[in-house]
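Following: one structure in structure tokens, then a few remarks.
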Amino acid sequence: MIMRKGRKTTESMRSRPGDQPFLQPLAVALVCIVFISLVLVMGLIDLRTLDSTLVNDMENRGVAIIRNVHQVVEYHFQRLVQSQQADFYASIVLPFTEDAFSLRESLVIGLVELARRFDSERETGKYGDEQLASFATKETLWLIAFLDEQGNVTVKSRAVTEDLLQFAVPVVEGHEEIQINIFNKFKTGKELGLIALPFKSRKGTIILALDDEGFRYWSLRVSVQRAIEEVGKGPGISHFIVTDQSGRTMGQSGRVVENREGTGQMESTVGDTAGVMSRKIILGGEHVLEIEVPVSFSTGFAGVARLGLSRERIDQILKKEQNRVFVYMAFLVVITFLAMWLLYKNQNRHLARMQEIERQLHQAEKLSALGRLAAGVAHEIRNPLNAISMASQRLQRDNLTQLTEVMRDEIRRLNQIIEEFLTFSKSRKLEFHRHDLIELIKQIVLLISEEAESKGVKFLTRLGDSPFMISMDLDRLKQALINVVKNAMESISDQGLVTVSVEAEGKRWVSVRVSDTGSGLNPDEIEQIFDPDYTTKEKGLGLGLPLAHEIIRGHGGEIKVRSQKGSGTTFEIVLPMNT
């Protein structure tokens, strides 16, 4: 008969000892990481929303400033147009200063400064008739002309009439420092506003003439500059510039950056134009929000107003809010890690208690099994004792030699029963040392091979050449493996084959498989194969497999059983290589 006994074990591969991670703290850590990430994302979204809100407020403020400048420009322009009929024909001593207050003086000063620029560039020999005509068109002048000391035209943008030359005669002859007739127009076939003034070297004269279009352009230009100086300056304003559709600067204050990249856009209405652009730029190390607004005026001129507002206040608010978010995140991370640490400590304490309860339960189960074994031992001992008693009674009348053999066999059987019982009930602490598992298997096969041959059982080994050095209690593990191999031999009733193989499973485990061609097990037998109070043997207690199971588990491994009735059985012993 084949002894099959044990604890509940199925063909499905159970998790090996040490493979189970500490799931609950890891799950809590994952949840905390997700929660912290969500809080961080929400904080960043809030910062972006705050930035967008503050920028929107700055854009609205900038649009309001540009609207005010636009209104002031229209007001000053109307004043200049109305003053066009006023008597402003006068002789003025140069130089004009930038402290002039009236709009008309500002217009005259602007034209005089333009004439002085022509004078400076003339000295470099830059201008010919064609260049001067192109520049006159660019500056919306009807005429630019250079006269020599005798009043003869040397360079001109167009033909100069005798009337215009007569207008410049007082300056040419040195009787006047400057001749101005801008607002009470000079009639010479065409109503023109005129300015005549000498070169800096006084060796010649410059004549500038404005037609109606030129007067309106320069009036608008003066009005824009005056409006920017009156309204477009203040705290937080870095620059203000207005350009026309041709890119000409109509007026400006502060430094201006030409290379800009847009970072935002909103819709608004200034004058008759919709669509406002805002850009974040760095100007002289300062972060600036530049607002660009299309503008149009009643004169028919259209252009673009660019206003730069300092982002210093916005950046301070955002920096404070960012610091608050990071402090909150740091506090949240500290609280999270503290909670995880407390959970880890609490889990370890409960785990230790569970392990202690499991140990006590195992001990109680072992004591209960020993109680059942004691009853079995008493039953098993009774049979050989009865046989010895009956044999002693027949000593007087029967063959003494035959009776002596019977008594010796029964005493040997009784001793074997007691040895099995004592071995199973005695628990000894395992002493681990590193040994070669392959060498241990070879020793076991050598010890059992002679007994196997006497029973008609052959051994086949697949061990390989590489050693498997593992930490083991050599004597106890040897005893466990011998029990498993002998169990395989005993399952073969006549002739058969026992195969022993060793192979690695990954980097952490080594598997020892003992397969036989015996009668096999049914599912009910597999369920009880490692129970100490279960056996199919007619003689003995059948404690070999329960003892092997305890030793293997003490080494941090496990035994798995795969079997089918009539087709043999395979015991797989899995041991850790890093115990």
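Worth a mention:
- Label point 7 Å beyond Cα of K190 along Cβ direction - residues of segment 138-154 with amide nitrogen under 15 Å: 138-145
- Potential extension, D475-Q443 segment - 0.36 nm per residue separation minus Cα distance: 10.3 nm
- Taking packing as the residue-averaged number of other Cβ atoms within 10 angstrom, the listed peptides 221-230, 131-140, 348-357, 311-320 run from highest to lowest as 221-230, 131-140, 311-320, 348-357.
- Based on the reciprocal of the average 1/r between different C-alpha atoms, the Kirkwood radius for segment 428-576 equals 15.7 Å.
- Entries of K366/K455; K442/K486; K429/K478 with Cα pairs more than 24 Å apart: K366/K455
- Per-pair calculated FRET efficiency, R0 = 51 Å: R313 and R353 via Cβ, rounded to 0.05: 0.25
- Dipole of segment 428-576, positive end: most advanced residue of A480, S563, V502 [Cβ charges, Cα centre]: V502
- Distance between the 7 Å Cα→Cβ label points at S567 and T154: 11.9 nm.
- Under a model in which nothing but the beta-carbon of Lys, Arg (+1) and Asp, Glu (-1) is charged, segment 280-325 shows a dipole of about 200 debye around its Cα centre.
- Exposure proxy ranking, count of Cβ atoms within 10 Å, fewest first, for I33, I448, I195: I33, I448, I195
Every read-out reported here was derived from the displayed coordinates using simple, explicitly stated rules and does not represent laboratory data. Given the structure is predicted, the values throughout are model-derived calculations rather than measurements. We place every Cβ from the backbone using ideal geometry, glycine too, and count neighbours over all the protein chains shown.
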